[in-house]
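To keep things clear, I will list the structure first and then write my remarks on it.
The values are calculated or read from the model by the stated rules, or taken from the named source; none is laboratory data. Here the structure is a predicted model, which is why all the values come from computation and not from measurement. Reconstructed Cβ throughout: ideal geometry from the backbone, glycine too, with neighbour counts over all protein chains shown. Only protein heavy atoms, including side chains, enter the accessible area calculation; ligands, DNA and RNA are left aside. Shrake-Rupley method; radii C 1.70, N 1.55, O 1.52, S 1.80 Å.
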Amino acid sequence: MLPDLLAAIPAHPTSEMPLTPEILFSAFLFVPVALFLSYGVRHLAAGKRPILLMCLLGGGIASVWEPIVDTLGLCYIKGGAETSTFTLLDRTMPLFIPFVYVWYVGGMSYLSYRLIAAGITTKGLFTLYLAEVFVNIWLESPGVLLGAYEYYGSQPFNFWGLPLWWPMMNPVMPLLGGALIYKLEPHLKGWHIIGIIPIIPMVDGIANAAIAWPMWLTLNAGDISLWWTYAATLVTLALALYSVWMLSLLVSRPAEEVRRLTKRELLREAMSGDAPLRTEPKDAGLTAPPVPERGAQPQPLPAG
């Protein structure tokens, strides 16, 4: 059974990593890593909770997922890189893979957490998802255009080398990470803050398995029509949007309970490292009645 299953997985290309694209793409991805790290160190030096650093560390660990999802989703990070890091499933990852996981999965989980804690509506959460879709396209496009890696097989919506089902799925990782940190952070006091670290690789695996499985099934189905992968893309998009909606039920607030801040103000507050001003839901008729003053006559109950 297992040999038959493995035989169905298409063989990846064998092209070698060109040095110049590897260096350029690594430098491109290191810029946001350095930016997030500088904020994380600044938080630590100021005596603030090292939540951002925990997220970045978790993002680095989450990079072990890359060879797994590449095998199933038919992505080939070219071999022979000068900056090789680790090898898994006979695939060796260059340095830019940990870079992208550190800042996109880890750093964006922190940013999502802070924006959620600041107060976000359901519409705002879907807007954040869309923004992270475009961030994912922005971070991946230089890599495929430079030739540092490639997608193979019957990839749908592959207009310039980046099949768009990947950017549809990937943003759910930091959104889920941000939501879990928002819910768990008040319970992670003192050294228990390290509990944030495993959240990041966990949400990476959860999001991929929960959303990408229609693509995995069709891409690895052997000689299959491209139309099936297009149909699977629509299912994957629907699962991604469904996931965002489910998260909105857990973390979003009514518009009247959300502070009106500009995007710049929200970003500045998010990266400050200060304890977030959490918005709490208004009591739904559960407040205790006012205590009558001493000596006051009790009011009669209304008739009926």
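Odds and ends about this structure:
- Close Cβ contacts (under 9 Å, 6 or more residues apart or on different chains) running from residues in the stretch 245-256 that are more than 16 Å from residue 175 (Cα to Cα) to residues that are open to solvent by less than 30 Å² (accessible area, probe 1.4 Å) and part of a helix (DSSP H, G or I) comprise 255/124.
- Strands (runs of 3 or more DSSP E) contained in the stretch 17-116 and holding at least 2 residues free of Cβ contacts under 8 Å to residues at least 60 places away in the same chain and touching a Pro at 6+ places or on another chain (Cβ under 9 Å): 84-88, 91-94
- Applying the criterion of at least 1 residues that are at pLDDT below 90 and either open to solvent by 60 Å² or more (accessible area, probe 1.4 Å) or in contact with a strand residue (DSSP E or B) (Cβ under 9 Å, 6 or more places away or on another chain) (or both) to the helices (runs of 4 or more DSSP H) found wholly in the stretch 213-277 leaves 226-251, 263-270.
- The stretch 175-192, residues that are open to solvent by 10 Å² or more (accessible area, probe 1.4 Å) and aliphatic (A, V, I, L, M): 176, 180, 184, 188
- Considering the conditions (1) farther than 23 Å from residue 23 by Cα; (2) open to solvent by 10 Å² or more (accessible area, probe 1.4 Å); (3) at pLDDT 95 or above; (4) small (Gly, Ala, Ser), residue 47 is excluded by exactly one of them, (3).
- Matching residues, the stretch 72-116, being out of contact with any Asp or Glu (no Cβ under 9 Å at 6 or more places or on another chain), within 21 Å of residue 11 (Cα to Cα) and surrounded by 20 or more Cβ atoms within 10 Å (Cβ to Cβ): 73, 74
- Residue that is farthest from residue 98 (Cα to Cα), among those in the stretch 119-174 that are open to solvent by 10 Å² or more (accessible area, probe 1.4 Å), in a loop (DSSP other than H, G, I, E, B) and free of Cβ contacts under 8 Å to residues at least 60 places away in the same chain: 159
- Lone qualifier among 215, 173, 246 - being within 24 Å of residue 25 (Cα to Cα) and among the aliphatic types (A, V, I, L, M): 173
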